[in-house]
Amino acid sequence: MSKILNEFLSSNLQELKDNGLYNEINVVRGANGPVIDIDGKELINLSSNNYLGLATDETLKQAAKDTIDSHGVGAGAVRTINGTLDVHVELEETLAEFKGTEAAVAFQSGFNCNMAAIQAVMNKEDAILSDELNHASIIDGCRLSRAKIIRVNHSDMDDLRQKAKEATESGQYKKVMYITDGVFSMDGDVAKLPEIVEIAKEFDLITYVDDAHGSGVMGKGAGTVKHFGLEKEVDIQMGTLSKAIGVVGGYIAGTKELADYLKVAARPFLFSTSLTPGDTKAINEAVKMLMASTELHDQLWENGDYLKKGLKSLGFNIGNSETPITPCIIGDEKTTQAFSKRLMEEGVYAKSIVFPTVPRGTGRVRNMPTAAHTKEMLDEALEIYEKVGKELNVIS
Ligand SMILES: *Cc1c(COP(=O)(O)O)cnc(C)c1O
């Protein structure tokens, strides 16, 4: 065993622990539903991305089981050899219909989509304008492409316009892309897509929207791009199948040519085994369910609004979320962590998020209500919030 590696690991672990940044992972016993069991204790779960409660849906479970029986547990190969099964093609057709695009390509995860698509389309002769609050997978995907990365102030359209102008007028780059989250997961705010599309037209930017937190949530379920009616304007839409859709995987939606190109150029498509058949079928059922009814979506928003109203009237600062994501901004890092810990002791699981994930002094406990929460659960969570808030002098 390498001594250098051992020293590297222990000193880094120690440093994280000394700075209170070492994350102890909680193990959930059983399903990740609206109430979870951690260490034998039942907690109201306000930290999952399972927005519509589909992770434990009976129809999806049955679809997965039946498909395991007919197709087996694994796809057996990468998509380009013989790992493209009928269920993958069916899912991609459903996804394109759902998103209102010509085509869609499914990947093994949302993270993989960003590894796949950015690198396939952009290269070292290009530039990418990237919102400063973009998700880690976007940042990594951009780096992998070797394009010049230009950070744009968060949702600052003047800054975007200025930097788009500079990048295009410099003549230095063959292509320029603007990439943004559709919904920003830390604050729940929404990208200003109508203005973004305007600016993109003016400077011929390629537009790429990562709608991991928007799919199933915005646009009656079809996402942020559909919410603004811009399906024909945004070049590349990325979505995850692991959050609102409740299973695992991701997809890129766009023109048929984009899909055709990704199938020959996107490295995770070429070199990593495709989604399992059972998951693929469950996802297809979930997407069809969202196209057939907005019931779960409506319940999600009702629950989100209920929780927000409750927290606000207790006197908490819930920021400016435009989605069900409900941050409860506490401020300093230590109090935020103590707050989350006390919530857990009292029966609410809501994770603290502090610097460096969010700016210093804006530590928060982030709440993700879902369609599966009952009013009783949300009321109980609010009571616990009130108790802990008063105890830690966050509210009076
Ligand atoms: C969660 C998330 C991803 C990754 O999706 P997975 O399917 O979990 O890999 C990518 N982008 C954003 C903005 C996300 O929130």
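Tabulated data
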read-out: Filter result (in contact with a strand residue (DSSP E or B) (Cβ under 7 Å, 6 or more places away or on another chain) and in a loop (DSSP other than H, G, I, E, B)) within the stretch 237-250; value: 241, 249
read-out: Failed item in (1) hydrophobic (A, V, I, L, M, F, W, C); (2) more than 22 Å from residue 32 (Cβ to Cβ); (3) open to solvent by less than 50 Å² (accessible area, probe 1.4 Å), with residue 381 passing the rest; value: (2)
read-out: Filter result for the condition that a residue is more than 16 Å from the ligand (Cβ to nearest atom), open to solvent by 10 Å² or more (accessible area, probe 1.4 Å) and among the hydroxyl-bearing types (Ser, Thr, Tyr), over 170, 155, 185; value: 170
read-out: Failed item, numbered, when residue 217 is tested on (1) without any contact (Cβ under 8 Å) to a residue 40 or more places away in the chain; (2) crowded, with 18+ Cβ neighbours inside 10 Å; value: (1)
read-out: Residue 336 being crowded, with 23+ Cβ neighbours inside 10 Å, among the β-branched types (Val, Ile, Thr) and closer than 22 Å to residue 299 by Cβ; value: no
read-out: All positions within the stretch 18-49 that are farther than 21 Å from residue 338 by Cα and in contact with a helix residue (DSSP H, G or I) (Cβ under 8 Å, 6 or more places away or on another chain); value: 31, 32, 33, 34, 35
read-out: Criterion violated by residue 234 - all others in (1) assigned to a loop (DSSP other than H, G, I, E, B); (2) open to solvent by 40 Å² or more (accessible area, probe 1.4 Å); (3) in contact with a strand residue (DSSP E or B) (Cβ under 7 Å, 6 or more places away or on another chain); (4) not aromatic (Phe, Trp, Tyr) satisfied; value: (2)
read-out: Top-ranked residue in the stretch 229-272 [being within 16 Å of the ligand (Cβ to nearest atom) and among the β-branched types (Val, Ile, Thr); ranked as farthest from residue 53 (Cα to Cα)]; value: 234
read-out: Residues of the stretch 118-136 classified as among the aliphatic types (A, V, I, L, M), assigned to a helix (DSSP H, G or I) and within 16 Å of the ligand (Cβ to nearest atom), total; value: 2
read-out: Verdict on residue 270 being aliphatic (A, V, I, L, M), open to solvent by 10 Å² or more (accessible area, probe 1.4 Å) and over 14 Å from the mean Cα position of the chain (by Cα); value: yes
read-out: Conditions (1) part of a loop (DSSP other than H, G, I, E, B); (2) within 19 Å of the chain's Cα centre (by Cα); number of the one not met by residue 301; value: (1)
read-out: Qualifying residues in the stretch 188-224 (those that are in a loop (DSSP other than H, G, I, E, B), more than 26 Å from residue 247 (Cβ to Cβ) and in contact with a strand residue (DSSP E or B) (Cβ under 8 Å, 6 or more places away or on another chain)) - the one nearest to the ligand (Cβ to nearest atom); value: 189
read-out: Hits in the stretch 137-151 - residues which are in a helix (DSSP H, G or I), away from the ligand (no atom under 14 Å from the Cβ) and crowded, with 17+ Cβ neighbours inside 10 Å; value: 145
read-out: Members of the stretch 343-375 found to be under 27 Å from the mean Cα position of the chain (by Cα) and in a helix (DSSP H, G or I), listed by number; value: 343, 344, 375
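Rundown of residues vs (1) open to solvent by 10 Å² or more (accessible area, probe 1.4 Å); (2) assigned to a loop (DSSP other than H, G, I, E, B); (3) among the aliphatic types (A, V, I, L, M); (4) within 16 Å of the ligand (Cβ to nearest atom), yes/no style:
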{"residue": "55", "(1), (2), (3), (4)": "yes, no, yes, yes"}
{"residue": "64", "(1), (2), (3), (4)": "yes, no, yes, no"}
{"residue": "95", "(1), (2), (3), (4)": "no, no, yes, yes"}
{"residue": "104", "(1), (2), (3), (4)": "no, no, yes, yes"}
{"residue": "111", "(1), (2), (3), (4)": "yes, no, no, yes"}
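The values are calculated or read from the model by the stated rules, or taken from the named source; none is laboratory data. The structure displayed is predicted, hence computed values, not measured ones. Note that each Cβ is placed from the backbone with ideal geometry, even for glycine, and that neighbours are counted across all protein chains shown. Heads up: the accessible areas ignore ligands, DNA and RNA and are worked out on the full protein's heavy atoms, side chains in. Shrake-Rupley method; radii C 1.70, N 1.55, O 1.52, S 1.80 Å.
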